[in-house]
Amino acid sequence: MKSSRRKFLLGSGAVVAAASVAGYKETMSAVATLSDKGELAEDSIYFNSPEAEYSVSKDGFVPNKDYKVCASTCIGCTTQCGIRVKVDTKNDTVVRVLGNPYNLLSSDPWLPYDTSIKESYTLLSQHGKFETYRSNVCARGNVAFDKITSKNRVLKPLKRVGKRGENKWKEIEIEQLIDEIVNGGDLFGEGHVKGLKDVRDIKTPINPDEPIFGPKSNGLNFIGTTHEGRFKIFIHRFLKSFGTVNVQGHTSNCGLSMRAGEAAFLGNFKKYPHLKPDFENTEYLLSIGTPPGQAGNPFKRQGKLLARARTEKNIEYTIVSPTQGNSDTIAVGDRSHWIPIVPGTDLAFVMGLLQIIINNKLYNDGYLRIPSAKAMTALNDASWTNATHLIIQDETDFGRVLKEGKVPLVLDATDNTLKPSTAVTQAVLDFEGEVQSGGKTYHVQTAFHELARNVNEHTLDAYAKECGVSVEKMQEIAHKFVSHGRKASVDCHGGTMHTTGFYTTYAVMMLGAMVGNLNYKGGMSAGGGAYKDFVGKRYNLFAYKGKTKIKSTRIDKARMAYEKTNEYKQKKAQGKPYPAKDTWYPFTNALESEVVMNSAKGYPYKLDVLMTAAANFIYGTSGANAKVEKLLADPKNIPLFVAIDPFINETTRYADYIVPDSVLYESWGIVHVWAGYQTKANTLRFPVVKPRQASFKNGEPIELISFMIALGKKLNLPGFGEKAIKDNNGTWHPLNKAEDIYLRAFENVAMDGKPVPDATDEDIQLSGIEAFVPSLKRICGANWRKTAYVMARGGRFQDIEESYQGNKLSHKYKKPIQVYNETVGTKRHSITGERFSGTPRYFKQRMNGGETYEKLFPKSEYPLTAFSFKSNVLATPMAASKLMDQIRFTTYVDLNPKTAEKFGLHHGDKVRVSSAFGTVEGYLRLRHGVMLDCLGVEHGLGRNGEGAEDVTINGKVIPGNARLRSGIDINKIGLLDKSRGLATVTDFVCGSNARHAMPVKIEKV
Amino acid sequence: MDEKNSRRDFLKKGLSATAFATLVTSQAEAFSMQNPGRDAKDAKYIGQVGKHFVMVLDLRKCIGCQACTSVCKVENDVPDEQYRTFVTETEVGEFPDPRKAFLPQLCNHCADPACVPVCPTGATFKREDGIVVVDNTVCWGCGYCINACPYDKRYFNERTKTADKCNFCAHRVDKGLLPACVETCIGGARIFGDVNDKTSEVYQVLQQFPTTVLKEAEGTNPQVFYIGLDSRLEELYSTTQSLDDVVKAEEGFNREWMKARGEEENHG
């Protein structure tokens, strides 16, 4: 009988029988043909497995000369683990990926940084300390490399022939591509297209009525993806030099609700930091929709630490989610719990917990009374909050924190008098009333008082009814959470991507403030930081002469309050300042999901050129399918679209030009760990195989970096070519190649703090970096061996022993927790004019205009609530991997059997799922691990790009892989927000794309 | 506690009996046919004399991530739709209290393998270090061993037209390294080593924790041991099939269907 991998218990009898017969027949027909001789395997016993890259025996270590093993970074998902690549040097091909044992994302503990490369290999053998330093790669990372040789890869520059989106292309030379996009002209026989040269007008306003919108050069917008080691340095250099403020990553489709909510909690909307539990040492983890091992970043590290903590240490954990993730296993008994919940109602659950904690005074009172950093130090605590700060409630200055100069005023708990927070160690926590300051009377309340008021806005019963979790369960979890002191932790991430995700995250994090877990071992951590790389001891690689200083309005209306526009001033003069024409996002950094629609609307202005790099907002934006695709197909909305991408995806098929790019281990980069770690780490990469795509005349492969340099030079932009990099001694250096930046950034890393040792010849040889030695000597001079030391190890990593100082983290988050966030509390929604709450507050799923989902989409018509969940295997950039579908072939519509019964549906049925705006079809999988009356879809398949569809190049059809189309893309049934005119549904505060909690109906096909 | 202890005692005994059985059976009856490589005492046929490789799967540490499934496909060039190892992901119990259960599976490298005696050519045999291997130069591809394996862990390699299966990555193990699935196991659930070496992790883990094997009643004496295996999984393990197969058939990706229609599978 044929082996089959995944055997779900929920198959009906008929389904099981059919599959069994098919499998059996196949094997028997195959073995019946004995006369048919197969291919000879490479080896009689070892079959076709490649030889080991080295051997270790009692006689020592012997490298295999046919292979090199180089450190690199996997960018198969956003975790970006440090890995090692095994390269067959005869064919210059990758044959395997292994973990990098120096890297904390692949090993824990990781190797002491001063371990020699040779020892790093022997330690991972049968003769070393394998069980200690085991270094791994996930299901994605193990197969990602086959994208390099994908036949669907773009190897030469493409120009569209035919209409946008038809997926018909011709290959052109890169010089022609650059010439056309710079100079413009009648490029497609559809009329004149403005070139970049003409777009770059940094003087004339883009909208004469709104000077604050900035110059016409803002007509260029660049969308990247997550920072994967190149974007920050190259895209930003280009755009700053060009003179546009318009650049986005993919956060608004990914985890912006979480990011924004945590930025509010941590009081930093500039850097958007976020916290993660100290997974290994926490005693109780309450995860809201982010089961470690299934979801969350860092994927592998979280899974590893959880597995260890529940087996060898003392963790108990509860996952609150509409779907039971892979954090659970029956093998660990009562350490693991799952609480099913209705999607988009986590906020009700968490507000319920906060109510129980606050009303029963279960919080850490002494901690919350700490009013300043000075008091924190005096009391030997590790963090502090603004819970005792006083918020002005009078109409003038509403929402401001009462201060004297820059110092907040608090009521001293010892004598109830108003004093600067720096002069008080314990302040009054719960207060509302009048205070006198500077001869004026203010009506104020403490931040804590406002929070207490908000959590009591609804009853526990009401919260329970909303979320489907009983009051008793909430009581149990609240008491359990506070019973572990500082060693309780919370987590949330992509599950907050719905219309009230900002406040959901803010409330989840607030649970941590109640016990004071920030900066504590077993509590919450903002991460261990990184060594200085682009800006460091030797170079500031962001600096160059001639940078434009454009302060203006972004196309996505982020980082800007509506109240600063002339539109507001005029409407106010007419007596009705609200609504604005569309929503503005005063404390959001960037919104990829808004760009195309805003340009189509011409609000705030129209774009001339869209450039993208590895972006895929059509696949990634819930609701884009209904509208954005059509807008992008019409050049009127954005006249020129240039995509940099090694593949043609759902978005770049609408491009006018496609510039090839390097894939994975062919490229350069430096990345930092997102969160969930306690020590400094920089993971780097450099090409370990020759890029497969075409090259420029100077021999540089055509890819993101070389293209931006060539484009910068063609446009005569400052910061490219000669005299573009200045070292800290004042000497200028040219920027012509990627290595001009990266080897210098690596040198900065090597020289930060106490410089690293010199790499030995053996280190260099055994890490496969000999080819870089001439460039290292030329660029890094006396420091070349130190730079090589960092490259050989795939980065620089602080030793694990430096993680903690006693019961506290070594790397602490320094700013105070914002129980009340003044930035939020002093802003209004630009459509409704309502004041944002500066503390967490409960809201139902709603449109920007305020209408609730339950009113717009009644249960009678849409009886189910749909959500997607993070795949532990699939990731959007992985579609082009041929091997990936061997690990996950398809995705399903997941339904609870009890819900299915109500609709007369069965396991394996083909079903149609519809929202008010779209329909998808797929197969039903019944699982008890799904909330009742909810519908879940694992995200990552149902593809129409990256090799899923046929593409015509030079008249020749390159067939797509139809298997990639299998499964469901739930974003195709995403909602639109009619209260904004033309818009996909967003979080009403921060603008993140709302992909969860969609009201849907289901029927059998 | 009593029950636990008695179980542990039983398993300890079981373990020492197993080690003994390997040495005896591998010479007496685990193969009866001639095999040129083995007769020539080629190291990769004989294995590492004096060692006894086993694997322990600590299910408390398995997160069902399929990293092992994935790396095995790459490391061993396993043909499409075939697997030397994989992890079944199952639910036990009903809403609102279902539990996830993961079961990593691979060749059990049995001390008394059912696949070896049925081989008519001597192509499959047990090395002296316990690894059951297939010599693809001798295998006819008759499929007897595939049908004999009570664990369904052998497959017919469509490219070589021979029986194929997990060999504990013998090509790496023979060079002092570890099986790829063990190297890449994120949770550290897979523990591999020489159980004859009392300092080894596998030996210590087997001493410390009660373990079970799959389908003990088959009498094959598996050398892959599980910590935390729920007995309910065994029934599911042998009776249920993948929903993927149904969808593949529905969507026209079933191999039999495609062959019947004379279509090549289009696989980018």
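Each reported figure results from applying straightforward, stated rules to the coordinates on display, with no laboratory input. Because the structure is a prediction, the values reported are computed rather than measured. Using ideal geometry, Cβ is built from the backbone for each residue, glycine included, and neighbour counts are taken over all protein chains shown.
Quick notes
- In terms of its C-alpha gyration tensor, segment A:679-741 comes out oblate, because a/c is 1.5 or above while a/b does not outweigh b/c.
- Rounded to the nearest 5, the antiparallel percentage of DSSP beta bridges internal to the protein assembly as shown is 70%.
- The phi torsions of segment B:42-59, fed into the Karplus equation with coefficients 6.51, -1.76 and 1.60 and a -60° offset, translate into couplings of 4, 4, 6, 8, 7, x, 8, 4, x, 9, 9, 7, 9, 10, 10, 10, 8, 5 Hz, rounded to whole numbers, with Gly and Pro shown as x.
- Shape of chain A from the C-alpha gyration tensor: rounded (a/c under 1.5, with a ≥ b ≥ c the square roots of its eigenvalues).
- Summed side-chain charge close to A:LEU285 - residues other than A:LEU285 whose Cβ falls under 15 Å, Lys, Arg +1, Asp, Glu -1: +4
- A protection proxy built from the mean count of other Cβ atoms within 10 Å ranks the segments B:124-130, A:800-806, A:45-51, A:688-694, most packed first, as B:124-130, A:45-51, A:688-694, A:800-806.
- By average C-beta atoms within 10 angstrom, highest first, the peptides A:87-100, A:661-674, B:186-199: A:661-674, B:186-199, A:87-100
- For A:HIS337, net neighbour charge (Lys/Arg +1, Asp/Glu -1) across residues whose Cβ lies under 9 Å away: -2
- Listed residue pairs exceeding 28 Å between alpha carbons, taken from A:LYS537/A:LYS870; A:LYS537/A:LYS815; A:LYS216/A:LYS532; A:LYS276/A:LYS870; A:LYS827/A:LYS978: A:LYS537/A:LYS870; A:LYS216/A:LYS532
- Helical mean residue ellipticity (222 nm; -39500 (n - 2.57) per DSSP H run of 4+; nearest 500) of chain A: -6500 deg cm²/dmol
- Straight-line cross-link reach from A:LYS910 at under 22 Å between alpha-carbon atoms covers these lysines, not counting any fewer than eight positions away in the same chain: A:LYS7, A:LYS898, A:LYS902, A:LYS972, A:LYS1001, A:LYS1004, B:LYS248.
- Least to most buried among B:ARG60, A:ARG888, A:ARG559 (fewest other Cβ within 10 Å first): A:ARG559, B:ARG60, A:ARG888
- The lysines within cross-link reach of B:LYS41, meaning a Cα-to-Cα straight distance under 30 Å and a gap of 8 or more places when in the same chain, are A:LYS37, A:LYS58, A:LYS65, B:LYS51, B:LYS73, B:LYS126, B:LYS153, B:LYS161, B:LYS165, B:LYS175, B:LYS198.
- For A:LYS300, net neighbour charge (Lys/Arg +1, Asp/Glu -1) across residues whose Cβ lies under 10 Å away: +2
- For the pair segment A:436-462 and segment A:343-420, the centres of their Cα atoms are 10 angstrom apart.
- Average other protein chain Cβ within 10 Å of Cβ, residues B:153-160: 5
- Neighbour-count ranking [beta-carbon atoms within 10 angstrom, fewest first] of A:HIS274, A:HIS458: A:HIS458, A:HIS274
- Averaged over A:49-57, number of beta-carbon atoms from partner chains that fall within 10 Å: 5
- Peptides ranked, highest mean first, by Cβ atoms within 10 Å: ranges A:733-745, A:122-134: A:733-745, A:122-134
- Sequence-ordered 3J(HN,Hα) estimates for segment A:785-792 from the Karplus curve with 6.51, -1.76 and 1.60 and θ = phi - 60° stand at 6, 5, 5, 5, 4, 5, 5, 4 Hz, glycine and proline given as x.
- Listed residue pairs exceeding 28 Å between alpha carbons, taken from A:LYS697/A:LYS723; A:LYS521/A:LYS754; A:LYS557/A:LYS723; A:LYS170/A:LYS697; A:LYS480/A:LYS521; A:LYS406/A:LYS572: A:LYS557/A:LYS723; A:LYS406/A:LYS572
- The mean number of partner chain beta-carbon atoms within 10 angstrom of a residue's beta-carbon across peptide A:302-314 is 4.
- Near the amide H of B:THR88, within less than 5 Å, lie the amide hydrogens of B:LEU103, B:GLN105, all on another chain or at least 5 residues away, with H placed in the peptide plane.
- Normalised by the number of residues in chain A, the mean separation of alpha-carbon contacts (under 8 Å, six or more apart) gives a relative contact order of 18 percent.
- Gyration tensor (alpha-carbon) shape descriptor, segment A:848-1004, a/c threshold 1.5: oblate
- For segment A:241-256, backbone phi angles converted through the Karplus equation (6.51, -1.76, 1.60; θ = phi - 60°) give residue-by-residue couplings of 6, 5, x, 10, 9, 8, 8, 9, x, 10, 4, 5, 9, 9, x, 4 Hz, Gly and Pro being listed as x.
- Packing-based exposure ordering (other Cβ within 10 Å, fewest first) of B:ASP80, A:ASP894: B:ASP80, A:ASP894
- Spatial separation of Cα centroids for segment A:121-200 and segment A:505-558, in angstrom: 28
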